[in-house]
1. Quick check: the angle from helix A:19-34's long axis to the longest principal axis of chain A, C-alpha only, nearest 10 degrees?
2. For all pairs of alpha-carbon atoms in the range A:203-324, what percent lies in each bin of width 5 Å, listed from the first bin to the last filled one?
3. Just to confirm the numbers: A:His155, label point 7 angstrom along the Cα-Cβ line, distances to the other copies in nm, shortest first?
4. In vacuo Debye scattering of the range B:232-386, one point per C-alpha: log10 I(q)/I(0) at q = 0.12 Å⁻¹?
5. Arranged by the count of other C-beta atoms within 10 angstrom, fewest first, what order do A:His283, A:His153, A:His103 take?
6. For the range B:79-174, what does the equivalent ellipsoid look like in terms of its semi-axes, each the square root of 5 times an eigenvalue of the Cα gyration tensor, given largest first in whole Å?
7. Hey, how many Å between the Cα centroid of the range B:111-186 and the Cα centroid of the range A:181-258?
8. Using only alpha carbon positions, build the gyration tensor of chain B, then give the equivalent ellipsoid semi-axes as the square roots of 5 times its eigenvalues, largest first, whole angstrom.
2 protein chains.
Amino acid sequence: MAVIGTGITKFGELWDKSFREIGLEAGVKAIGDAGISGSDVEALYVGNMSSGQFIQQEHIAALVADNSGMAAQHIPATRVEGACASGAMALRAAAMAVASGHHDIVVVGGAEKMTDVDDDEANAILTMGCDQEWEAFFGATYNSIFAMMARRHMHEHGTTREQLACVAVKNHRHGALNPMAQFRSEITLETVMGAEMVADPLGTFDCSPVSDGAAAVVLAPLDIAHKAGGEVVELVTSCQASDSLSLANRRDICTMDATVHASRRAYSQSGITPGDVDVAEVHDCFTISEIMAVEDLGFVPKGQGGMAAESGMTALGGKIPVNTSGGLKARGNPIGATGIAQAVEIVAQLRGKADKRQVAGAEVGISHNVGGTGATAVVSVFRRAR
Amino acid sequence: MAVIGTGITKFGELWDKSFREIGLEAGVKAIGDAGISGSDVEALYVGNMSSGQFIQQEHIAALVADNSGMAAQHIPATRVEGACASGAMALRAAAMAVASGHHDIVVVGGAEKMTDVDDDEANAILTMGCDQEWEAFFGATYNSIFAMMARRHMHEHGTTREQLACVAVKNHRHGALNPMAQFRSEITLETVMGAEMVADPLGTFDCSPVSDGAAAVVLAPLDIAHKAGGEVVELVTSCQASDSLSLANRRDICTMDATVHASRRAYSQSGITPGDVDVAEVHDCFTISEIMAVEDLGFVPKGQGGMAAESGMTALGGKIPVNTSGGLKARGNPIGATGIAQAVEIVAQLRGKADKRQVAGAEVGISHNVGGTGATAVVSVFRRAR
């Protein structure tokens, strides 16, 4: 099937906008971009982690359908949740709705309004994507668990503090080129290294921010997309895998097996290898996450993810540009929106519409979205249709 | 496709059991009933409304996959949420996964652990399935909104207080025959009429209880089901519709248009009429809800739902037995589990295994699951395969 439209709001601390407003804005943009009308939409999917706790509203897909006027057409509206992977999981569910023949034109939105609670509460909510009973209860947080992975990665693979920082510097550089990014200022290695410590070895600039934002895409069968004309971007496959919720039960805390399994299935189903990927959006909730992701996705052997960031291999102009949008780090990480925002960026790249961030001649792109500390991963393959 | 296995826990105030335990129990029963092994399962879907608030755990499908050992196989595990319709929405998402060819054998579980918070908090959480901004913020609750529907139904259609009570009496009578039901005691009309008022005209016995519980079913393509032998129950279709989140924007607060649209699509897709339905599980979160459901599903004309309960038409032995399990009212309503528990009951009926609750010769059954005050409805049609 194809992605026939995309829409995204500015990401950031959007104190003057409600969940309803940002959800509507992204959806209207995507529908407009697809050149369809709201009445063409047959189903709605929404990726969202925790609207119940952030804005005291569950049943959020019905709210989006209502607020966008689509509930008047009584279309099915479904929320999918898997912590920070909620967006890509919603995309995958929507893709199944099209593939199963249930629906033709489907809108998938992702949205999160995180800044209506204070930072401590936001962190407590994020930690609910980890294992409450075996991790959070004992004081572990989302941040400290990733710090453990980072420290172990440094021990096992010789990854350096500077290499972690290189990920942040690169993604801020990319984000500075993205008008929708939360942070649009370049930063230096010294800024990252000298920042306040969050959880050793991760400092402020190693962490993705708390963000508000929404993104949406429109899916349709390939024949409908070709009939509409223009550059067609195919969603070739979207694969999802699980792993233990707590870090303690993982085979290796420097590897996300969910990413390994999801990507291997995705490569196999789409007939590509990691070497065929021209551009990738990966889940850099922390700098260490991007380092692990480029390894687990097979772009470099295990242990060389730090080097990939340091050498410029994953920067714009490098062998495989990663997170041209700025990633979670600089574009921002409104949890439910993140997986969809990744798809929006990849589609822009494959359409050749990524402006100053454009990867020349990009034909194959992937998005990689992780839930919690790696208990869920979704890898989607996109291709410019010939 | 077919439902090849079902499992359910006892519903009730399960203070000695955790979410993990009840989820595992239902899943293991369903897998055992299907005669398969855990390693045959290709994907997991979980319906759950608000684990983040009830047990401080989001990312709940990953938890279930982990706790059941299935995360070791790295299968995709996906949570679907739509307030009280979460269970049936998860069933529908799983059905699409099978229909799209992505997976063959899929487990769908529904679970909610509600009694770890106090009743006031539980009610506040349930009200988050309504419109926070236009209803809850102004003091409306889940209970009071349904009371408004009831009062209006009495005014418009002459429905009586006694007719509301008849629904509770009937469903408690059915529940007394169901070993898994939360309430297994028959009650009299006088008990219902004389009970403490919750929201006029609804008293304690007009409301479904706060419950813990889990249920699961296993889906597979029809050919696999037939190969396994035994009575095969087909899931013919599962249709979902939306409506405005708040009551204020509805065409008629005595009609749930989401139910009307979902059921008309389901009848059309499965080639049946309401008259073909032998047994139905409908969403009786309040007594008024069942009255509206039997009307909106087309079993009786609008306004005659109260009469249907009073006349015995919807009781075991009547023309169309409704909620033979005891319904939400007596079997219990652990939110995310409810839609799956309805499927478990319908499958038992169509297999001829409903014991003292058996509807003789039942061939076609439907389940009807509502989210919030009717912003989502899912109607599924099941049929004994010939």
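What follows is calculated from the coordinates using simple rules that are stated; it is not laboratory data. As the structure is a prediction and not an experimental result, all values here were calculated from the model. Virtual Cβ from ideal backbone geometry, glycine too; neighbours counted across all protein chains shown.
1. The helix A:19-34 is inclined about 60 degrees to chain A.
2. 2, 9, 15, 19, 19, 17, 11, 5, 2, 1, 0
3. Label-point separations across copies, in nm and ascending: 6.9.
4. Rounded to two decimals, the profile gives -0.43.
5. A:His103, A:His153, A:His283
6. Rounded to whole Å, the semi-axes are 32, 20, 15.
7. What the calculation gives is 41 Å, centre to centre.
8. Equivalent ellipsoid of chain B: 30, 23, 19 Å, largest first.
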